[in-house]
Amino acid sequence: MLNKFIIAESKGIDVKEKIMSKSEIRDFVIWYMTNKTDEKTLKDYKQFEKFIMEESDIAESLIRENVVPRGYPNYYEIKFMTELFKIGRCADIALEEVQKEMTNEFIFCKKEHQQELWGYEWEKADENQLIDWLLCRTDTLPAVIPNRIDPHYFLHHDYMEKWFAAISNVCDFPVRYCAHSMYNGVSEYFKYAFRSLILYREYGYADAVVMRIREIFSADFKLDSDKIDEIIMKGFAVVYCKGDKKKKETVYYQKYIDEWMKTDKERFQKAIQTIWSHDLRKNVIKKLTGSVK
């Protein structure tokens, strides 16, 4: 049913002069999301965006009551959640969503290939505990860290990167995910997750996350300082030397790499030598030093 706001607009009344009640705002937002006709205007869109950002109580109630349409082609739920997470609300929803969208899609290396690919073995219980750790259900990692082999990068769209960055306001999942992704050694797992924090939480926050990753590697992964440096140096170098980067991302990694080349060149080059793929290692060395050796 059209609410008073829509009726007023259809009669040519200037809606800017009308102060809408909470119930009218709710009705308008529902109308905008569910109306499939061409009635919606640019003014409606701007009003819709404004209400999502400014009327957080209404936005949260619509999410919790499952009123917001889900999935393609609308992505309304992502818009609502992103704005709510940005202001520190709905941590429980954030963890439910990352479980549904991300951890439920993990594929771990099968038992018969673990030793061959990773040099050690783990059990199904270790995979479950890792997921519980990522989802902040426990602060204890399994004694043996499982590694993923799935093809899913999850966050390679701008709206998903904004969503992921916003989640970092309400829970520790993004930081833990970045730490495990870097440890896993698959650059794409880490790249898009950390890029979202660089782009949408800014450089200072990304620097703080690097420090948190160091702490996690030491306290939870039980790694010594040399191994921690090696993983971070190698991970940053691989992402920096690969394509599909945005300008702010390149600037961020360049800062670290320039510093390492200036003050810790020997250890940085030694870390690069541990890149497991020969072709990738060769490309990284060539880009950073101009040599293929």
Quiz item: Taking segment 197-242, which residues are over 23 Å from LYS262 (Cα atoms) and either hydroxyl-bearing (Ser, Thr, Tyr) or touching a strand residue (DSSP E or B) at 6+ places or on another chain (Cβ under 6 Å) (or both)?
Solution: TYR200, TYR205, SER218
Practice problem: Could you tell me whether any residue of segment 87-109 is over 18 Å from the mean Cα position of the chain (by Cα) and among the basic types (Lys, Arg)? | Solution: no
Exercise. Go through (1) more than 30 Å from ILE145 (Cα to Cα); (2) open to solvent by 70 Å² or more (accessible area, probe 1.4 Å); (3) of a type outside the set (S, T, N, Q) one by one and return the number of the condition LYS110 breaks.
Key: (1)
Quiz item: Looking at segment 87-103, which of its residues are open to solvent by less than 70 Å² (accessible area, probe 1.4 Å) and not in a helix (DSSP H, G or I)?
Solution: GLY88, ARG89, CYS90, MET102
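Here is a yes/no grid of residues against (1) outside any helix (DSSP H, G or I); (2) of a type outside the set (Val, Ile, Thr); (3) on the phi > 0 side of the Ramachandran plot; (4) at pLDDT 95 or above:
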residue: CYS171; (1), (2), (3), (4): yes, yes, no, yes
residue: PRO174; (1), (2), (3), (4): no, yes, no, yes
residue: TYR177; (1), (2), (3), (4): no, yes, no, yes
residue: HIS180; (1), (2), (3), (4): no, yes, no, yes
residue: TYR189; (1), (2), (3), (4): no, yes, no, no
residue: LEU197; (1), (2), (3), (4): no, yes, no, yes
residue: TYR203; (1), (2), (3), (4): no, yes, no, no
residue: ASP207; (1), (2), (3), (4): no, yes, no, yes
Self-check item: Residues satisfying the stated conditions in segment 109-158, i.e. more than 17 Å from LYS222 (Cα to Cα), of a type outside the set (Asp, Glu) and in contact with a helix residue (DSSP H, G or I) (Cβ under 7 Å, 6 or more places away or on another chain)
Solution: CYS109, ILE131, LEU135, CYS136, ARG148, HIS152, TYR153, PHE154, LEU155, HIS156
Quiz item: What are the residues in segment 60-86 that are in contact with a Cys (Cβ under 9 Å, 6 or more places away or on another chain), under 15 Å from ASN169 (Cα atoms) and open to solvent by 20 Å² or more (accessible area, probe 1.4 Å), if any?
Solution: none
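The values are calculated or read from the model by the stated rules, or taken from the named source; none is laboratory data. The structure presented is a predicted model; accordingly, all values stated were derived computationally and were not measured. In this analysis, Cβ positions are derived from the backbone assuming ideal geometry, glycine residues included, and neighbour counts consider all displayed protein chains. Areas reflect the complete protein model, heavy atoms only, side chains present, ligands, DNA and RNA absent. Shrake-Rupley method; radii C 1.70, N 1.55, O 1.52, S 1.80 Å.
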